[in-house]
DNA sequence: CTAGTGTCTGGACACATGTCCGGAAACTTG
DNA sequence: CAAGTTTCCGGACATGTGTCCAGACACTAG
């Protein structure tokens, strides 16, 4: 039960991991989170199951990594925009659209992040930190609304992921919330 | 793949189910969501595994039922209180404290509701409906803040369940949110 | 008490998941 | 090209999960 040695990946390894994460998206889209297995993803990526398991401990770990990569790929927060409300709405929309374009992927990522897999823990903390920072940057320094906006963002993700509301409406609900909250 | 026949439970069956849900709480507290199995719960309830599986299809189903039962056990919303803010804060606090008294239980319920198990689907919809109605009743008829309050509630649950903030602070964060939102 | 109905039991089962290992294959270096 | 290193492969394995069934047990009514 030791902490993993976080070695840097070689170019070849990075490529394998990339193929796995891309295959994961294909698979979860096609089969859904329930019928989604590391073995299937490995096959789809043209990689042996054992290889996939050397990089990812579970399907949850794999999906959490997908989310993390998409989050990291977002453009930096545009601080040149003057209106806090516009900045906030933009950032929230970007975050909401990260995975919500494909419902099954969103369900999968949400379930993965909540599943409590030990290997997802660190990733989860990193993701939370990044989201907090993006929202804080958009709200502006010292804006007390930032915390509530964060709540609203997660809440919107939940309602979408749980099927309480359609994904298409998620971003709109968030915009509405921002309107009520940001002064 | 047919819909289950929802027969009424006999007194004896109801007792078995009750013992199972209570044992589930004990087990998840002790072992955590990860190392938590229907078989262990059955043993702890003094029931054969096969019996447990006749009532619950999975550990997620079991935990979702626990949450649902606690939710149903809440007192009705106190509409005699005049201040909307007080009503809202009270209801949000009750909801937050449903499971958050015991972190592992909260993590388990959250994971269960998000896991996407087919047998949890209906339960999830019922739970969402009940929460929506309680918040709407507290906010008052036609209050546009109800939707955002709902977002905030789910958001708070997420932050607690994901370990982004301590459970003790959840209710306080919600109260703060209500203060910003309810006019 | 006896029969009859409903509920529970113990174990066998098919299946999936994550780990492990010896060796093959692909790179790197001299 | 040859030797050495890294990465990948295929498959065996242990473990866990949900299903099934034949019989045991507990209640109820006659």
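Here are the numbers for the structure shown:
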| item | result |
| --- | --- |
| Label 7 Å beyond Cα on the Cβ vector: residue B:18 copy-to-copy distances, nm | 6.0 |
| For segment A:114-147 versus segment A:32-105, the gap between their alpha-carbon centres in whole angstrom | 15 |
| Selected from B:69, B:12, B:43 as most flexible by GNM, with chain B as the system and alpha-carbon contacts under 10 Å | B:12 |
| Footprinting exposure proxy for A:60, A:126, B:40 (fewest neighbouring C-beta atoms within 10 Å first) | A:126, B:40, A:60 |
| Spin-label pair residue A:18/residue A:79, simplified geometry with 7 Å Cα→Cβ offset, distance in nm | 3.1 |
| Mean Cα-pair separation over length for segment A:92-180, i.e. relative contact order, pairs under 8 Å, 6 or more apart, % | 41 |
| Relative contact order, percent, segment B:11-65 [alpha-carbon distance under 8 Å, six or more residues apart] | 37 |
| Label point 7 Å beyond Cα along the C-beta direction, distances from residue A:94 to other copies (nm, shortest first) | 4.1 |
| Peptide B:159-166, shielding by other chains (average Cβ, 10 Å cutoff) | 5 |
| Cα gyration tensor category, rounded, prolate or oblate, for segment A:75-181 with a/c compared to 1.5 | oblate |
| Helix-derived mean residue ellipticity, 222 nm - over the protein assembly as shown, DSSP H n ≥ 4, -39500 (n - 2.57), to 500 | -23500 deg cm²/dmol |
| Teacher prompt: residue B:83 distances to equivalent labels in other copies, 7 Å Cα→Cβ, nm | 3.4 |
| Estimated inter-spin distance, residue A:175 and residue A:119, nm [label 7 Å along Cα→Cβ] | 4.0 |
| Modelled FRET efficiency - R0 25 Å, residue A:86 with residue B:94, Cβ distances, 0.05 increments | 0.10 |
| Where labels lie 7 Å past Cα in the beta-carbon direction, separation of residue B:126 and residue A:102 in nm | 3.4 |
| Relative pair counts by distance (%), Cα atoms of the protein assembly as shown, 20 Å bins | 28, 57, 15, 0 |
| Packing-based exposure ordering (other Cβ within 10 Å, fewest first) of B:53, A:153 | B:53, A:153 |
| Rel. contact order, % - alpha carbon contacts under 8 angstrom, at least six apart, chain A | 23 |
| Neighbour-count ranking [beta-carbon atoms within 10 angstrom, fewest first] of A:135, A:127 | A:127, A:135 |
| Average beta-carbon neighbours from other chains, 10 Å sphere, peptide B:174-181 | 4 |
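Values in this text are rule-based calculations from the coordinates and carry no lab data. Keep in mind that this is a model prediction, so the values were computed, not measured. A quick note on method: Cβ atoms are made from the backbone with ideal geometry, for glycine too, and the neighbour counts reach across all protein chains shown.
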